[in-house]
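What follows is a set of notes on a single structure, which appears directly below.
Each reported figure results from applying straightforward, stated rules to the coordinates on display, with no laboratory input. What you are looking at is a predicted structure, and each value in this text was computed from that prediction instead of being measured. Cβ placement follows ideal geometry from the backbone for every residue including glycine, while neighbour counts extend to all protein chains displayed.
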């Protein structure tokens, strides 16, 4: 569906992304796995058009996307944002649905599945981190773009909420939506993702299913087996 080709981003002498290349497949849940500081947010900001690249391109059907094509294809949901803090969750959902021409037909379903109903009349600025995360994920799932980039979608959620959100994301991916999730908690990633891109020090260290990455690690002498944490450590 999409190819990230040779993404390179520098800040003076610091190279935040170094020749990163991988593919995003239609209808999959792709996990971007790496520790804090590995370049995950920078990669998402470059994909979403928030930051300019120094080198590289986002490609579909063999040609780089224009800014208009990128905007119609990708919806980027950053981490730790508090949009419209004085407005209610209800207002924010309905405003973004109207602004982006979102999936009004899914509104009630998404609100129910993410347990956002009790939050609708609260202001966004008054929400806890986990509550705000669920409210903004609801907005992301209602947007019309076929690819959702979600930075740290499980951050601030407890175990039960993380499980419920994972099931919800998987359900919409099964219905055809493509999810690209930046995740630093590897157990969360293992539970929800079909494939993984391993990022460390601004470089892609591996791409594939758990089985494919495990085989790559084994070829390098690792005994990590099918434990994603051990595979990540072996390849990075």
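Using all Cα-Cα distances in the chain, what percent lands in each 5 angstrom bin from 0 up to the longest?
Percent of pairs per bin, in order: 1, 7, 14, 18, 19, 17, 12, 8, 3, 1, 0, 0.
Which of rounded, prolate or oblate describes region 83-220 when judged by the alpha-carbon gyration tensor and an a/c cut-off of 1.5?
The shape class here is prolate.
When the chain is treated as a GNM, springs tying every alpha-carbon pair under 10 Å, which of 99, 43, 142 comes out with the largest mean-square fluctuation?
Of 99, 43, 142, the most mobile in the Gaussian network model is 99.
Within a 10 angstrom radius of the beta carbon, how do 63, 195, 163 rank from fewest other beta carbons to most?
Least to most surrounded, the residues fall as 63, 163, 195.
Considering only the chain, what is the antiparallel percent among its DSSP beta bridges, to the nearest 5?
Looking only at bridges with both residues in the chain, the antiparallel portion is about 50 percent.
Determine, at each q value in 0.20 (inverse angstroms), the log₁₀ of I(q)/I(0) that the Debye formula gives when each Cα of region 34-118 is one equal point scatterer.
Per q value, in the given order, log10 I(q)/I(0) is -1.10.
By count of other Cβ within 10 Å, fewest leading, how are 226, 94 ordered?
226, 94
Mind pulling up the Rg/Rh value for region 153-218? Radius of gyration and Kirkwood radius, both on Cα.
Ratio of gyration radius to Kirkwood radius: 0.99.
Take every Cα pair under 8 Å in the chain that's 6+ residues apart, average their separations, divide by the length, and report that relative contact order as a whole percent.
26 percent
Enter the Cα centre distance for the pair region 115-162 and region 59-100, rounded to the nearest angstrom.
That distance is 14 Å.
How would 88, 38 line up from fewest to most surrounding beta-carbon atoms within 10 angstrom?
Fewest-to-most Cβ neighbours within 10 Å comes out as 88, 38.
Could you work out, for region 131-178, what percent of all Cα-Cα pairs fall into each 10 Å distance bin, beginning at 0 Å and stopping at the bin that holds the largest distance?
Answer for region 131-178: a P(r) of 26, 59, 15 percent.
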